[in-house]
Amino acid sequence: MNQQEVKSCIQLFEGKIKVSKMLQWTGVPKSSYYYQARKGRQGRIPSTHTRLETGELLRNESVVIAIKFVLGIEFVDYGYQKMTACLRLEGFVINEKKVYRLMTESCLLYSSKITGKSTNRKFVQFYTQQADAPMQQLCMDIKYLYIHGAGRNALLLTVLDVFSRRNLGQLLWWKMRKHQVKWLLSQILYKHRVEGITLRNDNGSQFIATIVREYLQEQGVNQEFTHVATPEENSFIEAYHSLVERSIEQRYEFESIYEAGLVLNRWKQFYNETRLHGNLGKRTPMQVWDEHYRSIEPLRPPLAEKPEEKSRPAIRDSEAYAIAATYSLYFSRGEATFDGSGEKQKKCLTNIDLLSSF
């Protein structure tokens with residue numbers, strides 16, 4: 001019998017025989033018999049504030065924002081020990097144990113697993129997307145693009161229109177976070193103000209992020225997710241990725257991410273305006289796009305002579321056109337925000353170049 005069973009037997013005869021005698025008979029120590037387990041987390045209650053060298057008290061949420069800011073600096077990959085030293089240089093009175101706890105709770109350590117809220121996630125109901133007009137059904141996904149000069153993969157985010165197969169926007173960078181996904185979608189939705197959009201994507205951490213889902217909900221976009229391990233449910237963007245692999249990856253060896261950005265912008269213009277698409281009746285995506293809006297005149301939006309150059313000012317190069325925009329990343333109320341104004345703000349990270357076009 002274990003101690004718990006012995007304790008139960010002693011309690012049955014507690015009023016008839018002395019407990020001390022029964023403990024002697026069973027060999028159970030008094031400390032074990034009278035011990036009562038405490039509820040909740042053991043130890044001291046964690047502190048909610050952190051002191052600065054000036055004597056000022058800051059909430060732990062502000063410390064987490066400072067940690068995220070440091071980790072957002074280019075090439076910074078600090079763990080909790082180096083982060084503690086960095087915070088102390090900034091005037092924080094803090095120890096490694098507390099930094100470890102804050103980084104663990106915020107999933108900022110290398111071994112942290114980022115989990116998202118899976119409630120109210122709407123999965124696809126139809127195997128293939130069906131669209132009767134542009135900007136009715138969209139799809140997006142992320143593809144690896146190997147940069148030979150850097151010896152590592154970059155990530156290419158693309159948003160495609162199902163009806164015309166038009167590439168509405170793309171973003172190339174070393175890492176693809178939820179804020180970058182939201183930024184690209186905001187640029188596309190600002191340029192094409194259409195109601196009743198359905199956006200299909202897989203279950204990547206960037207797409208299921210709360211900030212992305214809430215933004216799409218605010219914009220009236222119906223976001224639907226493919227089932228796990230079923231890329232065929234997002235067949236249009238997967239077919240586009242096969243074109244990118246055949247037309248770009250198998251033909252080019254990039255020395256830098258900026259060279260890849262130049263090629264991708266040329267490819268995007270060629271794909272939208274020149275390349276004939278078999279399923280579109282040997283027409284280009286822009287021809288299908290423009291023909292639809294001509295058929296519903298006068299409701300169609302004004303057509304640009306060169307749509308790809310009207311979207312944003314481009315940097316002209318002797319060999320190609322590229323769109324290389326520099327944005328600042330700053331933290332406000334615990335959230336990172338991209339700022340394209342070019343003005344330096346307090347606590348903003350400059351020199352973050354995002355290669356994008358839309």
Legend entry - Scope the stretch 31-83; condition at pLDDT below 80 and under 22 Å from the mean Cα position of the chain (by Cα); matching residues: E74, F75
Legend entry - Selected residue [closer than 30 Å to Y110 by Cβ and without any contact (Cβ under 8 Å) to a residue 40 or more places away in the chain] from S62, S20, S47: S62
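State yes or no: is V76 closer than 30 Å to E90 by Cβ, in a helix (DSSP H, G or I) and in the same structural domain as G91 (by TED's automatic domain parsing)?
Spelling it out, it is not the case that V76 is closer than 30 Å to E90 by Cβ, in a helix (DSSP H, G or I) and in the same structural domain as G91 (by TED's automatic domain parsing).
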Legend entry - R38 outside any helix (DSSP H, G or I) and either of a type in the set (D, E, K, R) or over 30 Å from K175 (Cα atoms) (or both): yes
Inset, instruction - Mind counting the residues in the stretch 169-205 that are of a type in the set (A, V, I, L, M) and closer than 23 Å to Y146 by Cβ? - result: 5
Inset, instruction - State the number of residues belonging to the stretch 41-73 that are of a type in the set (G, A, S) and not in a helix (DSSP H, G or I). - result: 4
Inset, instruction - Kindly provide the set of residues from the stretch 130-162 that are of a type outside the set (G, A, S), surrounded by fewer than 21 Cβ atoms within 10 Å (Cβ to Cβ) and assigned to a loop (DSSP other than H, G, I, E, B), ordered by number. - result: Q130, D132, Q136, H148
Legend entry - Meets criteria (in contact with a Lys or Arg (Cβ under 7 Å, 6 or more places away or on another chain), among the β-branched types (V, I, T), modelled with pLDDT of 95 or more and in the same structural domain as R165 (by TED's automatic domain parsing)) for V244: yes
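The values are calculated or read from the model by the stated rules, or taken from the named source; none is laboratory data. Fair warning: this is a prediction, and the values are worked out from it, not measured in the lab. Neighbour counts run over all protein chains shown; Cβ positions are idealised from the backbone, glycine included.
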